[in-house]
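Q: One structure, as structure tokens, below. Some questions next.
The values are calculated or read from the model by the stated rules, or taken from the named source; none is laboratory data. Since the model is a prediction, treat every value here as computed from it, not as a measurement. Here the Cβ positions follow ideal geometry from the backbone for every residue, glycine too, while neighbour counts run over all protein chains shown.
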Amino acid sequence: MTKYSYTEKQDTRSGFGEGLAELGRTNPNVVALCADLVGSLKMQTFIDENPDRFFQVGIAEANMMGLAAGMTIGGKIPFTGTFANFSTGRVYDQIRQSIAYSEKNVKICASHAGLTLGEDGATHQILEDMGMMKMLPNMTVINPCDFNQTKAATIAIAKHHGPVYLRFGRPKVPIFTPKDQKFEIGKALHLVEGTDVTIFATGHLVWEAIEAEAALAEMGIQAEVINIHTIKPLDVKAILASVAKTGCVVTAEEHQMNGGLGDSIAQTLALHHPAPLEMVAVKDTFGESGKPDELMKKYGIDAAHIIAAAKKVIQRK
């Protein structure tokens, strides 16, 4: 049975805001840029404390990426901030040509990702962003699970040289990871040990996986839960070690099935250790306006769907 619980919920974007503020106090090379969404990205504390290190570019996301790329040449570490849809889809060409190709030290920080953006609807609920970013050479892709982990990840990526895509969200979600954790890029975290099935989860779906594990335990099914906070580089060693023990896999993500975490793990299994796999993800469709929990249920990415996928994949062993 899981040992995880929570007493508080907070949005992961606020974890980014606190992490950025701390970097402002400790790393004089960190600068921030925003495309007219300071409040949504929780960047105000950094701005108040470092007004000469903040650049408001307005609704000009492509220009923001070009400015950020240029700033790295002078030794700055730019953190760009806007919604995930505008951080990727609107500016893919600029990221590819000006940042990834020449391995510029830009941190692309993207809020309001996935279905849990909620009422803003399909045009803003990007579900393809991790796939777009992980396909770019030189790009690191990180999708933390709660407030504390997002703050730790924000601080950690400033020390990593090279482009990073950091994805977080709008809704308040349970805080269940340690406050003063050390965030290691590319290092999966074993949350619950199990022997019957491995659940690899990322982002907001990590808590759903924990809830699913508790329910499965009451059914006599021992699920292993692993937090894949880094989509790229993937912790292949941890994945293969777990699958060798359990023999089957469920992946869980707030992203399209095509191009997401499930795809990456399926490729890993196909190359190294073929095993039954079920993917809990959005199935080739756009979202819609609605409450986050209602959308997660409708589009099949909540704890109930993880439970169903686990029971199904065990039968395939």
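Q: Those residues that are of a type outside the set (Ser, Thr, Tyr), farther than 16 Å from Glu208 by Cα and at pLDDT 95 or above, I need them from region 289-317; list them, please. First the steps, then the outcome.
A: Initially, region 289-317 is screened for residues of a type outside the set (Ser, Thr, Tyr), giving 290-298, 300-317.
Among the residues that remain, those that are also farther than 16 Å from Glu208 by Cα are: 290-291, 312-317.
Scanning region 289-317 gives Gly290, Lys291, Lys312, Val313, Ile314, Gln315, Arg316.
Q: Moving to a separate point now. Run down Ile73, Ile47, Ile99, Ile95 and say which single residue is more than 23 Å from Val173 (Cβ to Cβ) and out of contact with any helix residue (DSSP H, G or I) (no Cβ under 8 Å at 6 or more places or on another chain).
A: Matching residue, one of Ile73, Ile47, Ile99, Ile95: Ile73.
Q: I'd like to know if region 180-199 contains one or more residues that are of a type in the set (Gly, Ala, Ser), in the same structural domain as His305 (by TED's automatic domain parsing) and in contact (Cβ under 8 Å) with a residue 60 or more places away in the chain.
A: No; the residues of region 180-199 include none that is of a type in the set (Gly, Ala, Ser), in the same structural domain as His305 (by TED's automatic domain parsing) and in contact (Cβ under 8 Å) with a residue 60 or more places away in the chain.
Q: Scan (1) over 21 Å from Val141 (Cβ atoms); (2) aliphatic (A, V, I, L, M); (3) free of Cβ contacts under 8 Å to residues at least 12 places away in the same chain for the single condition Ala309 breaks and write down its number.
A: (3)
Q: Restricting attention to region 41-53, which residues are closer than 22 Å to Arg90 by Cα and in contact with a strand residue (DSSP E or B) (Cβ under 6 Å, 6 or more places away or on another chain)?
A: We begin by selecting, within region 41-53, every residue closer than 22 Å to Arg90 by Cα; these are 41-43.
Answer for region 41-53, where residues must be closer than 22 Å to Arg90 by Cα and in contact with a strand residue (DSSP E or B) (Cβ under 6 Å, 6 or more places away or on another chain): Leu41, Met43.
Q: Here's another thing I want to ask about it. Cβ-Cβ under 7 Å, sequence separation 6+ or interchain: first residue in region 213-235 and assigned by TED's automatic domain parsing to the domain that holds Ala303, partner modelled with pLDDT under 95 and not basic (Lys, Arg). Which pairs?
A: Note: pairs meeting the criteria are Glu213/Thr2; Ala214/Met1; Ala214/Thr2; Ala217/Met1.
Q: Scanning region 19-76 for residues that are among the acidic types (Asp, Glu) and under 22 Å from the mean Cα position of the chain (by Cα), which turns out surrounded by the most Cβ atoms within 10 Å (Cβ to Cβ)? Before the answer, list the steps.
A: Of region 19-76, the ones among the acidic types (Asp, Glu) are 22, 36, 48-49, 52, 61.
Now drop any that are not under 22 Å from the mean Cα position of the chain (by Cα), which leaves 22, 61.
Numbers: Glu22: 17, Glu61: 23.
The qualifying residue surrounded by the most Cβ atoms within 10 Å (Cβ to Cβ) is Glu61.
Q: Right, something else. Quick one: what pairs do we get from region 261-274, first residue farther than 22 Å from His204 by Cβ, second in a helix (DSSP H, G or I) and of a type outside the set (S, T, N, Q), C-beta under 7 Å, 6+ apart or different chains?
A: Hits for this filter: Thr268/Val236; Thr268/Ile239; Leu269/Val243; His272/Leu240; His273/Leu240; His273/Val243; His273/Ala244.
Q: Restricting to region 188-223, name every residue that is within 18 Å of Ala308 (Cα to Cα) and small (Gly, Ala, Ser).
A: Across region 188-223, the qualifying residues are Gly194, Ala201, Ala209, Ala212, Ala214, Ala215, Ala217, Gly220, Ala223.
Q: Given the structure, is Ile226 hydrophobic (A, V, I, L, M, F, W, C) and over 22 Å from Lys311 (Cα atoms)?
A: Numbers: hydrophobic (A, V, I, L, M, F, W, C): yes; over 22 Å from Lys311 (Cα atoms): no.
No.
Q: Exactly one condition in (1) more than 30 Å from Ala281 (Cα to Cα); (2) modelled with pLDDT under 95; (3) not aliphatic (A, V, I, L, M) is false for Gly121; which is it?
A: (1)
Q: Of everything in region 1-18 that's among the β-branched types (Val, Ile, Thr) and modelled with pLDDT under 95, which residue is surrounded by the fewest Cβ atoms within 10 Å (Cβ to Cβ)?
A: As a first pass, look at region 1-18 and keep what is among the β-branched types (Val, Ile, Thr): 2, 7, 12.
Now restrict to residues that are modelled with pLDDT under 95: 2, 7.
Values: Thr2: 18, Thr7: 7.
So the residue we want is Thr7.
Q: Let me ask something additional. Are any residues in region 121-136 buried (at least 24 other Cβ atoms within 10 Å of the Cβ) and within 19 Å of Ile228 (Cβ to Cβ), and if so, which ones? Break it down stepwise before answering.
A: Taking region 121-136 and keeping what is buried (at least 24 other Cβ atoms within 10 Å of the Cβ), we get 125-127, 129-130, 133.
If the condition is that a residue be buried (at least 24 other Cβ atoms within 10 Å of the Cβ) and within 19 Å of Ile228 (Cβ to Cβ), then Leu127, Asp129, Met130, Met133 are the ones that fit.
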